[in-house]
Every structure is written in structure tokens, then in C-alpha cells.
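A short worksheet on the structure shown next.
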Amino acid sequence: MQQEVCMNLVSILHTLPIEMDLLNSNLDLHHTNYDLAITYNRQGYNGFKKLGLNIPLLYVLSSDDFCSEMLFDSSLYVHVLMINSYETVYSNSFVSQSSFPFMVKSIVPPIKEKKNKRLLVDVGNTISLMNLLPLLNIYIDYEIDILTDKPYKLNDLVNAHIQLSTRKNRDQLIGEADILIAEGYTALKGVMQRKPVFVLGERGFGGLVEKDNVREQYRTGFSGRLGGVKDEYLPLPMMDYEMKKALNERVEGLIETADALCECCRETSDKLCGLVSFFVALSRVKEKVLLQKNHYMDYIHTDEAGIYWVVDKVYGKFLFEIDETEKCLVDCFESPRQLNSVYKEMKDSMSVEEIEKSVDDLLQYKLLDYCIV
């Protein structure tokens, strides 16, 4: 999944009117001024950190890696973009959530002469795949390709009409398939190519992807049954009925389903482009950007006069101290306001330079946050 996310992110970014460099050993940073860095997961962040650049950072990670890859020290980055989130994650306001980014292209599958229908299976969940094998083994009238990380482990469990492959040739096999049983990226690509796709993932059997459910399936990452739970019961008789119906009859509405998915992907691309454009332009329009108090944080008065502890309300962690003046400044942004609108209000206690420095510090520690439209 990581490779697909990165490739599609780069493709989408290339549509923006910005100059973009991909980090590599030949990149000369000494004569270039950057407005924004984008990294994927902790490995990408560690590579960025070695450069020593003091610029905004958009930190991208998969929702599956939220706990293991999250940089919990909020001062280390500007904004987090969490990809492929199944449900709302209640974290600090500097987290944006996004469905799988996909660069939309017009894909019309070629018409080929084939003796038998071809079925592609790409189910990453081992339990679901093992439970599915008894059904696939009796489909002897169909050519079946199963994608798995370790094909040799299934050699003794499948019949001759089933071919085991790694994901190296996944795009080719998606194009050659008539029907797919899949999750995640493979399911998305299958729907885009106007093929019947049955979703099967760690959250159970989601049935045929259709126009009425494609938006929700996309939002939840084609992970299984909408509203399903991890490793839930797999209804093989129902799957058998629906699969044979699709294999033996014409499936209607595939073009409409693909068009609806394309619209979802465009919305995600627009959101990503808007987020990137916001941070790229930030240094030039900083005073006009709306700021707001981070309502996931709160104050606790200490024993010392005029000193407050700032507390993360999600995790209950004591973060840092602020004084009475800084608290008053933060309270000015209880609702969204531009920075230049508070100069007059705070002039008796802080100079413009002091306000700007305090705001920079409060943004770094996320007590204030940008209002990203």
C-alpha cells in the first residue's frame, strides 16, 4: 500500500502549479528555497530531519500505522494527513483525514477473446483467504489468480485451475480479470476499470461494489462489509450465490459505479491539493490566515501565580506552561480570527513583534492551529 500511496501522491502533486523536487542523493539543497516538505511515514520524516530545513512539513501516514508511526511530539511537524482512515480518529486538530489518493485516469478495459472467465483474488487478510479457498477450489470452470506475499505456502492447498502470484504483476492481472474478489487498492483499480468487484477484507464480505455503496466503500478503504468488524464470519453460501450470478450474467451499472468512484477520487485530490497549496502559500499570507484555539487542549492553573499548564484533553498529558499574557492571546482566537486583527486588542500588554513571536511558538506547540478551508 505504501508504494501506491506515494506514487499517487506524486502524480496528484504534479498537477499543481508548483515546482517540486523528489528527495534523492543528487539533490542540491544549498541554492534552493523550499516552502513546504511532504514526507511519508516515520522513515520519510527521518530523511527530512537530516536535511536540517526549517520549513513547514506535511506528514503523511496510513491509518493502519497511526499508533506506530505517529510523531506524538507535536512540535516536530506542522500538519498530519492520515490516509485511508476507516473512521474518525479523535486526535488533536492538526490531523486531517483522507481517503486513498488516486490519480484519476480514463480506463476502458480492452475486449479479449477468452475461453473461460477469469477471476482475480487479492485478499490480504490470511484468515479470510484461507476461509475462501474451499469455494475457489470448486470453481474449476474458471481461471483463478490469487495474489499473495508467499505463494509457496498455498501450493499444496489449491487445485490446478488456480495460479498463485505475488503482487509484482498486479496491474496486469487486474486488466486481464473478468471479476475480482479484492480489498484496498486492487478493489479500487478494478472498479475504475469497470469490472465487477466483490469486496472481501479484514472486515468481512462487503458484496458487489455498486453506485449506491461505492462512496462508503471508498471512504472505508474497500475493507469489507460496511459496518463490519475485524475477522467476522464469512458467509460462503451467500458469496457462492452472488459470485455465480455475476459470473453467469451481465452485471449492470459498472460504468456508473466507476464514474461515481472517479468523482470520489477527484474530491480527495482536490482536498490534498488544497492542503498543499495552503501551506505552500502560508509564508506569504501569514497575517491573513485564520487562526483558532486548539479545542483539544485546555489549561490548568498552577500554584504559581499567573502560570498555567496546557493539557492534551485526548490523552490527558501535561504538555507545557504558559503565562497569563499568552493565555489572553490564545483566548483571542476562541473563534477563527486573522493574526492582524488582534494587534490592537493586545497592544497594552504586547508589542506586534512579541505577539508574532508568541503566535509562532503557540503554533509550533499546537495550542493555536491554522483554519484550513
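The values are calculated or read from the model by the stated rules, or taken from the named source; none is laboratory data. Everything numeric here is computed off the predicted structure, so don't read it as measured data. Reconstructed Cβ throughout: ideal geometry from the backbone, glycine too, with neighbour counts over all protein chains shown. The accessibility values were calculated without ligands, DNA or RNA, using every heavy atom of the protein model including side chains. Shrake-Rupley method; radii C 1.70, N 1.55, O 1.52, S 1.80 Å.
Candidates CYS264, TYR299, ALA246 compared by Cα position along the dipole of region 239-302: farthest toward the positive end lies TYR299, with charges placed on Cβ.
Calculate how steeply helix 352-364 sits against the longest principal axis of the alpha-carbon atoms of the chain, using the helix alpha-carbon long axis, and give the answer as 0 to 90 degrees to the nearest 10. Here the helix axis deviates by roughly 30 degrees.
Among 251-260, 14-23, how do they line up by average Cβ neighbours within 10 Å per residue, starting with the highest?
Numbers: 251-260: 16.5, 14-23: 10.8.
So the peptides 251-260, 14-23, ranked by packing, come out 251-260, 14-23.
Placing +1 on each Lys and Arg Cβ and -1 on each Asp and Glu Cβ, with no other charges, gives the chain a dipole about its Cα centre of roughly 1440 debye. Pairs spanning more than 30 Å between alpha-carbon atoms, out of LYS117/LYS189; LYS211/LYS244; LYS50/LYS327; LYS288/LYS317; LYS50/LYS168: LYS50/LYS327; LYS288/LYS317; LYS50/LYS168. When the chain is described by a simple charge dipole with +1 on each Lys and Arg Cβ and -1 on each Asp and Glu Cβ, the residue from TYR139, PRO17, VAL60 located farthest towards its positive end is TYR139.
Using the heavy atoms of the protein chains alone and a 1.4 angstrom probe, what is the accessible area of region 320-373 per residue in square angstrom? Before the final figure, lay out each step's value.
On the way: 2860 Å² over 54 residues.
Per-residue value: 53 Å².
Apolar share of the accessible surface for region 250-373: 51 percent from carbon plus sulfur atoms, 1.4 Å probe. In the context of the full set of protein chains, region 172-313 has a per residue accessible area of 46 Å² (1.4 Å probe). Most simply put, the chain has about 40% antiparallel DSSP beta bridges, counting only bridges with both residues inside it.
Distant-in-sequence amide contacts of PHE320, defined by a placed amide H-H separation under 5 Å and a gap of 5 or more residues or a different chain, comprise VAL310. Based on the Cβ-Cβ distance from VAL289 to ASP171, what FRET efficiency comes out when R0 is 41 Å, to the nearest 0.05? My answer for the efficiency is 0.50.
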